[in-house]
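Just so it is clear, none of the values below were taken in a lab; they were calculated from the coordinates. Not measured: the values here are computed from a predicted model. Note: ideal-geometry Cβ built from the backbone for every residue, glycine included; neighbour counts use all protein chains shown.
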Ligand code: 13P
């Protein structure tokens, strides 16, 4: 059975003090709303990962980093490696977020390499893809997502891909208040699962969690999560307040 997941991507928000109190509030509230089989993940900034690892230790909350460099180590000033993140105790790394593609020139080639380095450390990539507004409006979203999966993910073996979480995040829905309708989400999640089936077979595809991201809130999460191929959410803005984030966890 594939996992249900609610993951909070904090992006460039929260000081260490603020982040630790958010984790405390999530830890306190989670037992009241977290159903069996639903994983909660938080992805704070690098600077507080170490403190966050201590804070989540022994709780039901798992830890993710928001990015890593594609090389294991070396002369890359300002960068952070998957090895360092693993040493801290995080289990997940978000890879290929649209903001990294848009503002930091991440390419399909670098994303594919990052997925490899994350897997080589025994960590789980949360691999993001999704189309921009013009691509959706011109009906090219299926083609775009297919190309992304081909170029960034499908070099993996079946054994490797089973360790990946996919997050479909339509760029037009991120931070805009626009959300894919539950039917739009289901349609493209089913398409993504079909691509996985075509490449790896149904038994593998059925085991891979596919999360939805883009203006997911407590009031729309239930309907989106009720769709057959939606296995949870990657949450931005609503992950910054414990009440909202836990409201989304409660939607399962
Ligand atoms: P919002 O929930 O703020 O739209 O962000 C989604 C996202 O980018 C999560 O990675």
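Values as computed for the structure displayed
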read-out	value
Helices (runs of 4 or more DSSP H) contained entirely in the range 1-96, each with at least 2 residues that are more than 15 Å from residue 121 (Cβ to Cβ)	16-33, 49-56
Top-ranked residue of the range 1-18 - restricted to ones that are more than 16 Å from the ligand (Cβ to nearest atom) and within 19 Å of the chain's Cα centre (by Cα), ranked as surrounded by the most Cβ atoms within 10 Å (Cβ to Cβ)	4
Which listed residue is within 15 Å of the ligand (Cβ to nearest atom) and touching a strand residue (DSSP E or B) at 6+ places or on another chain (Cβ under 9 Å), from 82, 43, 30	43
Of all residues in the range 193-216 being surrounded by fewer than 22 Cβ atoms within 10 Å (Cβ to Cβ) and within 16 Å of the ligand (Cβ to nearest atom), the one that is farthest from residue 124 (Cα to Cα)	215
Qualifying residue in the range 97-108 (condition: in contact with a helix residue (DSSP H, G or I) (Cβ under 6 Å, 6 or more places away or on another chain) and away from the ligand (no atom under 15 Å from the Cβ))	yes
Subset of the range 54-68 [in contact (Cβ under 8 Å) with a residue 12 or more places away in the chain and over 17 Å from the mean Cα position of the chain (by Cα)]	55, 56, 57, 59, 60
Conditions (1) crowded, with 22+ Cβ neighbours inside 10 Å; (2) more than 21 Å from residue 228 (Cβ to Cβ); number of the one not met by residue 168	(2)
